[in-house]
Amino acid sequence: MENSFYNFANQQLTQIIKNELINLEKYVANELAFIYLENDTAQNRLLLRKITQLHLPLNVVLVSENIEISKLAWQANLLHFLHLPKMELYPNFTLFQDRLMYKHEYKELPKKLKINFKGGVDIIEIKDICYCIGEGNYTTIFLSTGLKKTITFQLNALEKKLCLAPNFQRIGKSFIINIDKVSKIKGSSVNLNSKNELELIISPLYIKRLKKAVMWY
């Protein structure tokens, strides 16, 4: 498995991390992406955003000598912030090892959503979900393919399945939104990327909550 390294000026540090990862292969189920940032700037936030679009946030590790930018790892819900003062790998790399071992104990997030109904099973690709609207015992799922599916499933029950993934956020009583699909927020409208661009109208309170979820970058 080939891990990815972004924005590392110190190639020696890159090689040291690669060597250490060899001993951790059994704990790594997916390719990891390491990104080095010196400070918190708009340009660096944009770069981090691009990396989290290429790789799932929970497979991304933010590396820096500057502990002040650790909040970016938390805001972006990354796997880990690796603080390397004076570019020294230990003792802080041990914390990263512990995180990998802890994560290894749990199954990876599912790629498909299985909804049982009388007489069969509905299979939905989780990456295709833009948003969900709940109404009583029914939930309508809007997909990036342009399709929508109404299922006999309460939104609360669906939330337990979807919101394990960091890109799905419960926004208020009736909505779950895939923040990776949000392309524009203007006024009370939210546009989401899909085959036929979707527009969702929500209240100012929920717009404010959504902005907090997506505007870290």
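At-a-glance table
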{"read-out": "Rounded to whole Å, sorted largest first: equivalent-ellipsoid semi-axes of the stretch 5-126, Cα gyration tensor", "value": "31, 18, 12"}
{"read-out": "Translational diffusion coefficient (Stokes-Einstein; Kirkwood radius from C-alpha pairs) of the stretch 137-178 at 37 °C, 0.692 mPa s, in µm²/s", "value": "306"}
{"read-out": "Distant alpha-carbon pairs in the stretch 110-208 (separation over 18 angstrom), percent", "value": "43"}
{"read-out": "Positive-end residue, the chain charge dipole about Cα centroid, Cβ charges, pick of C132, A33, S64", "value": "C132"}
{"read-out": "Residue order, fewest to most surrounding Cβ atoms within 10 angstrom, among R99, R49", "value": "R49, R99"}
{"read-out": "Under 14 Å from the N39 label point (7 Å along Cα→beta-carbon), backbone N, the stretch 46-72", "value": "65-69"}
{"read-out": "The chain: calculated mean residue ellipticity at 222 nm from DSSP helix runs of at least 4, using -39500 (n - 2.57)", "value": "-8500 deg cm²/dmol"}
{"read-out": "Contour minus Cα-Cα distance for I201 and I16 (0.36 nm per residue)", "value": "61.7 nm"}
{"read-out": "Cα centroid of the stretch 188-208 to Cα centroid of the stretch 27-68, whole Å", "value": "27"}
{"read-out": "Segment Q154-N137, length gained on full extension (0.36 nm per residue, minus Cα span)", "value": "5.7 nm"}
{"read-out": "Highest-fluctuation residue, I202, I171, I123 considered, GNM on the chain with Cα pairs under 10 Å", "value": "I123"}
{"read-out": "Neighbour-count ranking [beta-carbon atoms within 10 angstrom, fewest first] of S144, S174", "value": "S174, S144"}
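A short reminder: the numbers here are calculations on the coordinates, not readings from a lab. The structure presented is a predicted model; accordingly, all values stated were derived computationally and were not measured. Cβ coordinates were reconstructed from backbone atoms using ideal geometry, including for glycine residues, and neighbour counts include every protein chain displayed.
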